[in-house]
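Notes to accompany the following structure.
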Amino acid sequence: MTPELIQILTSFTGSVGFSLLFGLRKKQLPVAATGAALTWCVYLIVDYFGGGLFLANMVAAIFAEMYTEVFVRVLKIPKTVLTFSVVVSLIPGRALYQTMNYAVSSNFSGFVHSGMVTLSVAAAIAIGITVVLVLMQFWNKVCRSYKERKLKKAE
């Protein structure tokens, strides 16, 4: 089994654990877990093509939020819960652990370097999610405006 396949499977199972913790039902678990696995696949693809840590996390977060936007409407579940369950595979656990380890062991240069990596990953995830949220608000506003104009013409 390749390391990439193991990573995809662990993102799937990790998402199931967090989804259960946040109260998703049995029918919703496969959607959340599949979203997390696909999100990690997007991350691996962007990273494979040389996108780097920041870009890979941002593109994967954009994918995750688009996936969430679709399935929140289909399954009628809270957006925050599904978003977190899908994005959980991107959370920089290793980098955060290393940052705290360097802080405890008084390794200032390691702490700063690892902390910057952790913050850049967190920023990439936040930017990716925000991009989709802003685009969705814009899209909804355009749709509302179109419907209002259509109603006015019908009168």
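Here are the numbers for this structure:
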item	result
Accessible area per residue, Å², the chain with all protein chains present, probe 1.4 Å	64
Principal semi-axes in Å for the chain [√(5λ), Cα gyration tensor, largest first]	34, 20, 14
Tensor-based shape of region 85-126 (alpha-carbon gyration tensor, a/c under 1.5 rounded, otherwise prolate or oblate)	oblate
3J(HN,Hα) from dihedral phi, region 65-80, Karplus parametrisation 6.51/-1.76/1.60, rounded to Hz, x for glycine, proline	6, 5, 4, 5, 4, 5, 7, 5, 6, 5, 8, 6, 10, x, 5, 4
Cα gyration tensor, region 1-76 - rounded (a/c under 1.5), prolate or oblate	oblate
Links that overshoot a 30 Å alpha carbon limit, given the list Lys79/Lys153; Lys76/Lys153; Lys79/Lys147	Lys79/Lys153; Lys76/Lys153
Calculated from backbone phi, Karplus (6.51, -1.76, 1.60) coupling profile of region 53-62 in Hz, x at Gly/Pro	4, 5, 5, 4, 5, 5, 5, 5, 5, 4
Shape call, region 57-119: gyration tensor on alpha carbons, a/c limit 1.5	prolate
Cut-off of 10 Å, at most 14 other beta carbons, DSSP loop: longest stretch of the chain lacking such trypsin sites (Lys or Arg not before Pro)	77-155
Unit charges at the beta carbon, dipole of the chain: most positive-side option, Gly14, Pro78, Ala122	Pro78
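The values are calculated or read from the model by the stated rules, or taken from the named source; none is laboratory data. For clarity, every value in this text was computed on a predicted model and none was experimentally measured. Every residue, glycine among them, receives a Cβ derived from its backbone with ideal geometry; neighbour counts consider all protein chains shown. The protein model used for the area step is the full one, side chains on, heavy atoms only, and it has no ligands, DNA or RNA in it. Shrake-Rupley method; radii C 1.70, N 1.55, O 1.52, S 1.80 Å.
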